[in-house]
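Data first, discussion second: the structure below is written as structure tokens.
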Amino acid sequence: MKQFNLSILILSLFYACGGGGGSGYGESSGSAASGCVSSATNFCVKVVSTAGGNKYSIDGTTQKTLTLTAGTAYTFDQTDSTNASHPLALSETADGTHASGTAYTTGVTTTGTAGSSGKTTFTPASNAPTPLYYFCTSHSGMGGTANISGTSGGSGYSVPSKVEPIDTQ
């Protein structure tokens with residue numbers, strides 16, 4: 001009888017923790033339930049409970065540090081139901097508005113509602129500041145860092161690769 005009860009407990013924990021239950025938030029599989037399939041430009045966002053409170057999990061990694069390339073469009077897919085009441089935004093300040101920062105909106109488009117049809121698309125410009133931080137607009141401490149590569153350092157000016165002398169004669 002004890003072995004049977006232990007087997008049921010293990011099986012219950014397996015399903016409760018997402019194993020075999022279709023949660024599908026592995027590094028590459030995405031979620032069949034929410035329709036999210038992760039890729040280099042599509043991030044499956046989920047909210048997970050940790051000892052330090054709720055955190056964003058991106059493609060199965062809690063508070064994942066992202067490296068984004070200027071000029072490439074990225075989608076933060078928040079269709080998973082765990083995102084309800086946790087809308088994602090970007091900021092130049094770690095933890096965004098919770099740390100007296102503001103939302104960074106250049107190249108950012110948000111559609112739908114987090115937890116059902118929510119998606120945020122971000123295309124970093126060549127003069128985007130780096131790093132940027134993704135954060136929850138409703139709760140502090142949930143987000144992470146997004147480093148932007150291929151930027152000109154934020155000034156909008158890039159140094160020419162070759163300088164030719166001018167003949168003044």
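We did not get these values from a lab; they are worked out from the coordinates using the rules stated. All values reported here derive from a predicted model rather than from experimental measurement. Cβ sites come from the backbone with ideal geometry, for glycine too, and all protein chains shown count toward neighbours.
Using the empirical formula 2.2 N^0.38 Å as the baseline, the Cα radius of gyration of the range 39-149 reaches a ratio of 0.95. Once the Cβ-Cβ distance of Thr109 and Ala51 is raised to the sixth power relative to R0 = 30 Å, the FRET efficiency obtained is 0.30. By the count of neighbouring beta-carbon atoms within 10 Å, fewest first, Val45, Val108 end up ordered Val108, Val45.
Measuring from a point 7 Å past the Cα of Ala99 along Cα-to-C-beta, which residues in the range 111-144 have an amide N at less than 18 Å? The answer is 129-144. Assuming charge only on the beta carbon of Lys and Arg (+1) and of Asp and Glu (-1), the dipole of the range 39-149 about its Cα centre is about 80 debye to the nearest 20. Given their separation in residues at 0.36 nm each and the Cα-Cα distance between them, Thr62 and Ser81 gain 5.2 nm when the chain is fully extended.
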